[in-house]
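Just so it is clear, none of the values below were taken in a lab; they were calculated from the coordinates. Everything numeric here is computed off the predicted structure, so don't read it as measured data. Because the Cβ atoms are built from the backbone with ideal geometry, glycine has one as well, and the counts that use them run over all protein chains shown.
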């Protein structure tokens, strides 16, 4: 008989946590009696969520439908109201072991109190930098680092043949993820004939950069306009400057870009050295001048770009995302003796 | 067909500064500058649109931001060019807005502090920081740089003044927000910085390549020959004073023989020496 695993979170195609839940469910649904626990009926009725869960035979239940006296595992992933809604406490009262993965670099409301009250049996981190950020809060709590997993087949490699050299980025439409100078940053890279593609863009982003005149080189797409893999396949370079108040806990989208053969050019001070080797699969940059050097070098040398893109894809496919190894790590992280 | 962007010059000049401003406008007209000047002042200045200056917060030069947002932005131009009153025109500037590149703001970046510190480490370096303590806002240069980097400046950190700067109308809100946020960040560390530092921060946050905004990259446009910057036999920021700039900031200290009141404004300038 399979163990019960209740995953608190919504699988989706946008954002690091939602895509992680999606991948995790696909990876574990044969090894556990899996349930997807959601906060509202709206999520249960969401056509995309329903189609995905039905395809795997995973029931979608409301949080308050948690069975009592259960001896399984509850895994909470990046649920903003996980603690304030009383969900964590109800899980403990039901007898489940609670494993929690915050996914962000900041503490959620009620998280500290939950730790203090002993509600969390094990905490998961994506990286050392994230673990470090929570070192004090989780002192004495059992903890495991599990880096993100992506199903490589979801992001097929494509040899680039863009008629116009194209750089861009993909993320959720969160203004904090974009540097203050974002449009100037792209435009001053010094590329003459170029296309800038950004997904996702929304009203908030429009407001943040209302001071800039976006010309015909720019394509600003709303969330989910193009499937992530297809969008990334359309880029020659994934140029990813980030806002100074934001720290990537892992940077899933960078690995997704690599899988498609897109060369990543990313900022220093995050976790990207755990995702690829600087100078071999992409570039980690400290200043604008570093970005510019990397972009122009790759723009001017198509063979170097192709070689680096191929190496990035191979490294991600064969070294970063070893399915069997990763699955075992998750099973270990969800096992209590 | 796209119409070229419009701009005007503006300033705030009361009391003795109004005389300087009148001289500035006259030099512009004599040099063939026909752009509009809009001056907040306490008297009529020939050749300029004069507006009565209101009593606003003068501390830490915040009036520059207040007037920009509340008054000047109401004028129908695409860009606004601030001039210190102690400025003269040698000739009409050519393509003034080119110095902005893709950025919505241009403040001439005068000293690359990161490079100066690096050079200071070398025994053969061209520049040494003579007095690294208590130089800028009571901070050493290193502390000053740290303030900028902790507030998000990833590029080399620059020192600049606010004797001449340009802002795009659509960016006024953002520039003021950044300048005031920087001031609040500094205050959180018990450091008081003025609007000049705030504008310097906004400049460095809203550009990508700071080299484009270095004063030396635009020497045909603006330069400062302010005698109070750089000590005798000392380092002049970014090789200033080329003698070929259209707009020249002379510095009121030079004009007024070291008037103490005017010099108070520049007490935060860095001191470099060979």
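Cβ-to-Cβ counts within 10 Å put A:250, B:165 in ascending order as A:250, B:165, the fewest first. The long axis of helix A:323-333 is offset from the longest Cα principal axis of chain A by roughly 40 degrees. Each label point was placed 7 Å from the Cα along the Cα-to-Cβ direction; for residue A:47 and residue A:84 their separation is 3.2 nm.
For residue A:71 and residue A:214 in one chain, what is 0.36 nm times their gap in residues minus the Cα-Cα distance, to one decimal in nm? Answer, rounded to one decimal: 45.9 nm. Modelled label positions at residue B:78 and residue B:3, each set 7 Å beyond Cα in the direction of Cβ, lie 1.0 nm from each other. This ranking places A:208, A:50 by how few other beta-carbon atoms lie within 10 Å of each, fewest first, which gives A:50, A:208.
Between residue B:59 and residue A:139, take the C-beta separation as r, use R0 = 41 Å, and let me know the FRET efficiency to the nearest 0.05. With a Förster radius of 41 Å, E is 0.35.
Model label points for residue A:54 and residue B:170, set 7 angstrom from Cα along the Cα-to-Cβ axis, are 4.5 nm apart.
For the segment B:206-214, counting C-beta atoms of other chains within 10 Å of every residue's C-beta and taking the mean gives 5. Peptide A:122-129 is shielded by partner chain Cβ atoms: per residue, an average of 0 of them sit within 10 Å of its Cβ. How would the stretch A:234-337 be classified by its alpha-carbon gyration tensor: rounded, prolate or oblate, with rounded meaning a/c under 1.5 and the a/b versus b/c comparison settling the rest? Note, shape of the stretch A:234-337 comes out oblate. For chain A, modelled as a GNM whose springs connect Cα atoms under 10 angstrom apart, the maximal fluctuation among A:140, A:95, A:190 occurs at A:140.
Between helix A:47-56 and chain A there is an angle of about 70 degrees, using the helix long axis and the longest principal axis of the Cα atoms.
With 38 Å as the cut-off, how large is the P(r) tail for the protein assembly as shown, expressed as percent of Cα-Cα pairs? When every Cα pair of the protein assembly as shown is considered, 44 percent fall beyond 38 Å.
Just report the Cα centroid separation between the stretch A:153-172 and the stretch A:7-69, whole Å. Using only Cα atoms, the two centres lie 29 Å from each other. For chain A, modelled as a GNM whose springs connect Cα atoms under 10 angstrom apart, the maximal fluctuation among A:263, A:141, A:38 occurs at A:141. Computed from the Cβ-Cβ distance with R0 of 45 Å, the FRET efficiency linking residue A:112 to residue B:98 stands at 0.25. By the count of neighbouring beta-carbon atoms within 10 Å, fewest first, A:300, B:194 end up ordered A:300, B:194. Calculated mean residue ellipticity at 222 nm for chain A: -9000 deg cm²/dmol, from DSSP H runs with n ≥ 4 weighted as -39500 (n - 2.57), summed, divided by the residue count and rounded to 500. The value of relative contact order for chain A, using C-alpha pairs under 8 Å at least six residues apart, is 14 percent.
Among A:77, A:58, A:167, which one moves the most in a GNM of chain A with springs linking Cα atoms closer than 10 Å? It is A:58.
With 0.36 nm allotted per residue and the present C-alpha distance subtracted, the residue A:331-residue A:146 stretch has 65.5 nm of extension available. Round to a whole angstrom and tell me the spacing of the C-alpha centers of the stretch B:20-36 and the stretch A:277-310. Taking the Cα centre of each part, the stretch B:20-36 and the stretch A:277-310 sit 49 Å apart. Taking every residue in B:97-104 and counting other chain Cβ atoms within 10 Å of its Cβ, the average works out to 3.
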